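Student: Could you have a look at this structure, given as structure tokens, before my questions?
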Amino acid sequence: RESVSLIMPNTLYREIGNVVSKVAAKGGCSVTKSYSGHGIGHGFHQAPSVSHVARNKCIGIMKPSHCFTIEPMINEKGWQGVLWPDNW
């Protein structure tokens with residue numbers, strides 16, 4: 001909810017990561033650095049890149065009509081994800 005409250009014109013995309021990381025840390029968790037949110041449009045996983053980690057370097061400012069995902073992977077033990085044999 002806290003990250004969604006940031007969605008408005010003129011917000012920097014990188015601010016989402018600061019909020020997501022803060023909320024995860026309150027629960028004793030961390031956010032994976034390997035995956036990010038992304039734009040939604042004609043292509044799959046297109047710009048903007050929306051990092052969920054604090055102090056990220058995502059570029060861009062939210063504008064009306066921008067469509068993007070916020071889909072952090074919250075982990076109990078460290079930020080590293082685990083891949084299964086099928087690479088998912």
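The values are calculated or read from the model by the stated rules, or taken from the named source; none is laboratory data. What you see is a predicted model; the values in this text were computed from it and never measured. Note that we place each Cβ from the backbone using ideal geometry, even for glycine, and neighbour counts take in every protein chain shown. Please note that ligands, DNA and RNA were not included when accessible areas were found on the heavy atoms of the full protein model with its side chains. Shrake-Rupley method; radii C 1.70, N 1.55, O 1.52, S 1.80 Å.
Student: How large is ³J(HN,Hα) for each residue in region 67-81, as worked out from phi by the Karplus curve 6.51 cos²θ - 1.76 cosθ + 1.60 (θ = phi - 60°), to whole Hz, x for Gly and Pro?
Tutor: 10, 7, 9, 10, 9, x, 9, 9, 10, 7, 10, x, 8, 6, x
Student: Compute the relative contact order of the chain as a whole-number percentage, counting only Cα pairs closer than 8 Å that sit 6 or more residues apart in sequence.
Tutor: Details: 165 pairs, mean separation 31.7, N = 88.
Taking the mean separation of contacting Cα pairs over the length of the chain, I get 36 percent.
Student: Treat each spin label as a single point 7 Å out from the Cα along the C-beta direction, and report the ARG55 to SER34 distance in nm.
Tutor: 2.3
Student: Per the 1.4 Å probe, what fraction of the accessible area of the chain, in percent, lies on carbon and sulfur atoms?
Tutor: 59
Student: Here is a follow-up. Would you calculate, for the chain, the mean residue ellipticity at 222 nm contributed by helices, counting each DSSP H stretch of 4 or more residues as -39,500 (n - 2.57) and dividing by all residues, to the nearest 500?
Tutor: Numbers: 1 runs with 13 residues, N = 88.
Dividing the helical sum by the residues of the chain leaves -4500 deg cm²/dmol.
Student: Further question on the same structure: Per residue, how much accessible area does the chain show when a 1.4 Å probe rolls over the protein heavy atoms, in square angstrom?
Tutor: Values: 6400 Å² over 88 residues.
Per residue, the chain has 73 Å² of solvent-accessible surface.
Student: Related question: Which order do the peptides 52-65, 74-87 take when ranked by the mean count of other beta-carbon atoms within 10 Å per residue, highest first?
Tutor: Details: 52-65: 14.1, 74-87: 9.4.
Ranked by mean Cβ neighbours within 10 Å, highest first: 52-65, 74-87.
Student: Which value in Å does the Kirkwood hydrodynamic radius of the chain take, with 1/r averaged over all unlike C-alpha pairs and then inverted?
Tutor: Across the chain, the inverse of the average 1/r is 13.5 Å.
Student: PRE reach from ASP86 (point 7 Å along Cα→Cβ): which of region 9-36 fall under 15 Å by backbone N?
Tutor: none
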